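Here's the structure we're looking at; comments come further down.
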Amino acid sequence: MKMMTFPRRKISFETFLCGIPARDYIYQDTAYEQQIRDAADMIRNAEYVLIGAGAGMSTAAGARYGGKFFEENFGEFQKKYGKGPYMQDMYSAGFYPFPDEESYWGYWSKQALLGGIDLDVTPLHRLLLQALSDKKSFVLSTNADAQFVKAGLPEEKIFCTQGDYFHIQCRRGCHNKTYDATELFRQMDQARRDCRIPSSMVPKCPVCGGPMDMNLRKDNFFVQDDAWYEAEERFSAYLSEAMDKKLVLLELGVGFNTPTIIRFPFEKLVREHDNIRLIRLNLEQAVVPESFGDRAVGINADMAESIKDIAEEVKR
Ligand SMILES: [Zn+2]
């Protein structure tokens, strides 16, 4: 039998770059004050504002993860397990190979409380929501700390794609349900001794009897329950309604940890739709595609300041 052969097509560098100019990701050199005015104009002229919130938003609002905060709150964990590469902050410590379930939940109950359940850094979130009060807005967030809900935004307007600090699930994801563990975490917090919780408190999967885990997307066993799919549906409905209208994408503190969820899709939307604008606020990584021209503003600065300044300018 004769093999089918296809003529070899020449791949130009441009094809390799998917048609995007080679020098496209730039820090804009517009003065800060002008950028604030441009961003405020975009928002004033918009009917829809889709907020994309990453870890930088919580940090800008005042959430703490490492340094002195970690030493003060997780000192006993540092003493027991050594500082090493893990016991540095609330992100790295989650990856520590805890020796047993009692130790695992001894740690995670504390992180869930301090990083989400008891966290209250909502003034900046409130200020932002106030500035957008006459817009049709929606929040797409990778944060697990529920600060937008605490700031008063109805849950129907939020899609948290990566889970939250309030729910647990089967560690192997054997069934698509999550369980509110807020009370359980409080009890664990009271009962914790030497970084461990009593064996009687270790949660077990009600279906397979195996261990449970946080409902956070940290491996391929992340459970997307009914609430997750309902939020996804509301998000798609919002986006299909807003797509051909005056839509501004307001990206807040999204870096390169999971750029595939907010940053890259936002860029794709702007690239493919002339009516969509992008405001990217980031402390260090506010690079934007140069080819977007004046359809994008990338403000590389302290985000708490930028948000306050934009909110003030919008009211003017
Ligand atoms: Zn299970």
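What the Cα convex hull of the stretch 1-132 gives, in volume per residue, is 311 Å³. Placing a pseudo-label 7 Å from each Cα along the Cα-to-Cβ vector at D120 and D219 gives an inter-label distance of 3.6 nm. Dividing the summed -39500 (n - 2.57) terms of all DSSP H runs of n ≥ 4 by the residue count of the chain sets its mean residue ellipticity at 222 nm at -11000 deg cm²/dmol. The 3J(HN,Hα) values that the Karplus relation (6.51, -1.76, 1.60; θ = phi - 60°) gives for the stretch 304-316 are, in residue order, 4, 5, 4, 5, 4, 5, 5, 4, 5, 5, 4, 5, 4 Hz. Gly and Pro appear as x. Calculated on the alpha-carbon coordinates, the convex hull of the stretch 159-246 measures out at 124 cubic angstrom per residue. Eigenvalues of the alpha-carbon gyration tensor of the chain, scaled by 5 and square-rooted, set the equivalent ellipsoid semi-axes at 37, 26, 20 angstrom, largest first. Karplus-based coupling profile of the stretch 259-275, in residue order and whole Hz: x, 6, 8, 10, 4, 5, x, 4, 4, 4, 4, 5, 4, 9, 9, 5, 7, with θ = phi - 60° in 6.51 cos²θ - 1.76 cosθ + 1.60 and x standing for Gly or Pro.
State the percent of C-alpha pairs, over all pairs in the stretch 75-220, separated by a distance greater than 22 angstrom. That tail contains 45 percent of the Cα-Cα pairs. With Cα atoms as the point set, the stretch 1-78 shows a radius of gyration and Dmax of 24.7, 73 Å.
Please check: in the Gaussian network model of the chain (C-alpha springs, under 10 Å), which one of Y81, Y65, Y238 has the largest mean-square fluctuation. Highest fluctuation of the listed residues: Y81.
Build a GNM of the chain with springs between Cα atoms under 10 Å apart, and of D213, D225, D164 the one that fluctuates most is D225. As a calculated quantity, the FRET efficiency between T30 and K268 at R0 = 22 Å, using C-beta atoms, amounts to about 0.40.
Loop-only check: which trypsin sites (Lys or Arg not before Pro) in the stretch 18-78 are DSSP coil with at most 11 other Cβ within 10 angstrom? Filter output for the stretch 18-78: R23.
Note on the stretch 149-295: Kirkwood hydrodynamic radius from all Cα pairs is 18.2 Å, rounded to one decimal.
Throughout, read-outs are computed from the coordinates displayed, never taken from laboratory work. Just so we're clear, the structure is a prediction, and the values are computed from it rather than from any experiment. FYI the Cβ positions are ideal-geometry reconstructions off the backbone, even for glycines, and counts take in every protein chain you see.
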